[in-house]
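**Student:** What follows is a structure written as structure tokens; I'll ask about it next.
The values are calculated or read from the model by the stated rules, or taken from the named source; none is laboratory data. This structure is a prediction, so every number in the text was calculated from the model and none was measured. Cβ placement follows ideal geometry from the backbone for every residue including glycine, while neighbour counts extend to all protein chains displayed.
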Amino acid sequence: MVVWTIIVMLLAFIGIITNILWGMPLKVSFHDIIIFLIALGILIRIRYKTREGEKEKLQKTINELNADKK
């Protein structure tokens, strides 16, 4: 999922850059900007959820260790 999101984000970024270099109107690059921002949001959400999952695993390990002590 991360790889595909990065690919989409890079393609949108390339679209933005080419529109700026060729002097296209903003309407043409507006779609690329929207896609870039959506891909960036997805990457941030994936990162947040990954960290949340790591915290859950650590909490589970701590609980198991506490249970073993008792």
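**Student:** Tell me, please, whether a residue that is without any contact (Cβ under 8 Å) to a residue 12 or more places away in the chain, of a type in the set (S, T, N, Q) and either part of a helix (DSSP H, G or I) or in contact with a helix residue (DSSP H, G or I) (Cβ under 8 Å, 6 or more places away or on another chain) (or both) can be found in segment 26-42.
**Tutor:** Within segment 26-42, not a single residue is without any contact (Cβ under 8 Å) to a residue 12 or more places away in the chain, of a type in the set (S, T, N, Q) and either part of a helix (DSSP H, G or I) or in contact with a helix residue (DSSP H, G or I) (Cβ under 8 Å, 6 or more places away or on another chain) (or both).
**Student:** Continuing with the same structure: Could you check how many residues of segment 21-52 are surrounded by fewer than 12 Cβ atoms within 10 Å (Cβ to Cβ) and either modelled with pLDDT under 85 or on the phi > 0 side of the Ramachandran plot (or both)?
**Tutor:** Residues that pass the stated criteria total 6.
**Student:** Would you mind telling me which numbered condition in (1) exposed (fewer than 11 other Cβ atoms within 10 Å of the Cβ); (2) in contact (Cβ under 8 Å) with a residue 24 or more places away in the chain Asn66 fails?
**Tutor:** For Asn66, the failing item is (2).
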